[in-house]
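Just so you know, all these numbers are worked out from the coordinates, no wet-lab data involved. Since the structure is predicted, the reported quantities are computational estimates derived from the model, not experimental observations. As a convention, Cβ positions derive from the backbone with ideal geometry for all residues, glycine included, and neighbour counts pool all protein chains shown.
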Amino acid sequence: MADGGAYVGEYQQSPSTQSALEVLDQAALENFYAQRNGSPFWLNRNRLNKQAAVMIQAIQNSWSHGLNPETYHWSRIAGLTGPKVKAGKKIPLEKDSLMNFELILTDSFIRYVRDQSGMRVKASALGLEASHWRQRPDVASVLALLNSEGDFEKLLRSVEPQGATYKALQAELLTLTKKWQEDPAAQVEPIRMAKPLSPGKSHAEVPKMRQRLGLPEVQEKDNRLIYDTALVEAVKQFQAEKGLKSDGVIGAKTLFILNQNLKDKIRQIIVNLERLRWMPTENTSKVIMVNLPSATLWALENGQVKIEMPVIVGRPKRATLSFRTEVTGVRFNPDWTVPPTIQKEDILPKLIDDPGYLVDKGMEIYQGYGQDAQTLDPMATDWAAMTPEEYRSLRLVQIPGSHNPLGRIRVLMPNRHNIYLHDTNDRKLFSRSDRAQSSGCIRLQEPEKLASFILSNREGWSEEKMKANIKSKKTRDIMIPQTIPVYLLYYTAWIGPEGQVVFGEDIYSHDKKLLQALEKNNGIYIPNNSNSLVVKIAD
């Protein structure tokens, strides 16, 4: 193929080639081959070179990342090469078809690297801000990688996520896929309970529970429905393995995981692998992360977890949003300006019944802003006669104190959603397994510990100063010299305390929305059990 190099440049400009490949950036593709004087990148005459063999293997295995091999022309490639490829393998094609094969591999590389490097779905379609998450690089940047020297296999691995959670989810996907291949029709018969089941109680679903957890059937007819000690211990072990509170009570979260079938779990892993690819790389030593479905906060320094604590997140009707912002400091003894939704839905009905409610709660009412703001007397206001417009013009501010729902500490993290991390004056919810209970902000179980983490690099700061600030009961902001990134994340599958993969609840139905977008744009595929060809997971 002495003249094949120049021919690549001519061939890839033809309308038929552009249409067949749906070229993402024709100019970038032309420039790439022009820099190579038109010579192929993937072929030595009519044989695959080493990088082609590596690329085809990556395409074949892309399902293990939750990606669809068909996005990267797998069927077209496998039809020519077969499922097993190696460097030097001859491609039985004429020159024109070889050039088309060359361009197919280039297009596959572009799409693969882009999909591994950022969001495959428009952020706006998911209610997210694109600037907060990794976006796919442009085609020219991807093609520039092919001009770099070095091992191609290492290059390809460098664009694939390498984090511990990502690798654990990949391993779980492989395990579940093998089980699915053995019996694609296998389904889990749901265990149904209207309310939590405590040890010692009876329920018609107990025999099904015993079967699900691998316990023998109880022979005594009178005891068959009793939630006995053996089953309680099996449930506790199951809860511990799944990262749940190991109390033996069969509640909504335990039932949710028990009732998941293989197809559900495979899809759940795929959407979480997708989200993990969105995570930007931070150059700061400290990062704070909150996972909303697990209601857990982590504070990391130099990649090491320094703090892990339960938090309270927004209930489904007032869901906490996912976004990135930066911590700028800590406010001690904060006041609280009541958000409009809470003001309208929670407080106004109470004011109509009892105008003294605001006085009892230490709240002040302001109309207007700045020097023109006026303080209103709640006892002298006819709340029932107030129009919606008049009520919206008011600001309700709760002064620092025991009634203040922000407690003694608020983390300063400016964002347009008015969502922040804070202490609370109501601590009973932290013991619950279902901690989606707030109005949108995030309540901290150990606010002093997080405040110390945030302020530890501030010169002259100490635990004694923090205690003195809290004791003063005066509102004071302590700013930090370098901001700390904070992420509010949405992962419904994560690593549990024993290293196991935990399948959490889709508390805000975000998994469902992302799955629909991925299925529409890309499809959800895994290998079947007879060969390496991929098959769609049917609805």
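Tabulated data
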item: Packing-based exposure ordering (other Cβ within 10 Å, fewest first) of Val188, Val305; result: Val305, Val188
item: Structure-derived P(r) over Cα pairs in 10 Å bins from 0, in percent: which label, when the choices are (i) 3, 17, 27, 26, 17, 7, 2, 0; (ii) 3, 11, 15, 12, 8, 7, 6, 5, 5, 4, 4, 4, 4, 3, 3, 2, 1, 1, 0, 0, 0, 0; (iii) 3, 15, 21, 20, 17, 13, 8, 3, 1, 0; result: (iii)
item: At most 14 other Cβ within 10 Å, DSSP loop - GluC sites (Glu not before Pro), the stretch 282-384; result: Glu282
item: Only Lys, Arg (+1) and Asp, Glu (-1) charged, at Cβ; the chain dipole about Cα centre in debye; result: 880 debye
item: Extension gain (nm, one decimal) between Gln374 and Gln211, 0.36 nm per residue minus Cα-Cα; result: 51.9 nm
item: Where GluC sites (Glu not before Pro) fall in DSSP loop in the stretch 200-260, at most 15 other Cβ within 10 Å; result: Glu217, Glu220
item: 0 to 90° range, to nearest 10: angle between helix 262-276 axis and the chain longest Cα axis; result: 90 degrees
item: Spacing of the two label points (7 Å from each Cα toward its C-beta) at Ala130 and Asp354, in nm; result: 5.1 nm
item: Tilt relative to the chain, helix 164-182 - C-alpha long axis, 0 to 90 degrees, to 10; result: 70 degrees
item: Stretch gain in nm, segment Asp222-Glu160, where the contour uses 0.36 nm per residue and the Cα spacing is subtracted; result: 16.6 nm
item: Gain upon complete extension [Lys84, Asp264; 0.36 nm per residue less C-alpha separation]; result: 61.7 nm
item: Cα-projected label distance for Thr284 with Gln437, points at 7 Å along beta-carbon direction, nm; result: 3.0 nm
item: Neighbour-count ranking [beta-carbon atoms within 10 angstrom, fewest first] of Asp107, Asp382; result: Asp382, Asp107
item: Residue-averaged [θ]222 nm for the chain, counting only DSSP H segments that reach four residues, each worth -39500 (n - 2.57); result: -10000 deg cm²/dmol
item: Neighbour-count ranking [beta-carbon atoms within 10 angstrom, fewest first] of Thr387, Thr328; result: Thr387, Thr328
item: Label zone at Asn37 (point 7 Å along Cα-to-Cβ), backbone N below 19 Å, the stretch 115-150; result: 147-149
item: Rounded to 10°, Cα long-axis angle of helix 510-521 versus longest principal axis of the chain; result: 20 degrees
item: DSSP beta bridge pairing in the chain, given as percent antiparallel to the nearest 5; result: 85 percent
item: Formal net charge of residues neighbouring Lys245 (Cβ-Cβ distance under 12 Å; K, R +1; D, E -1); result: +3
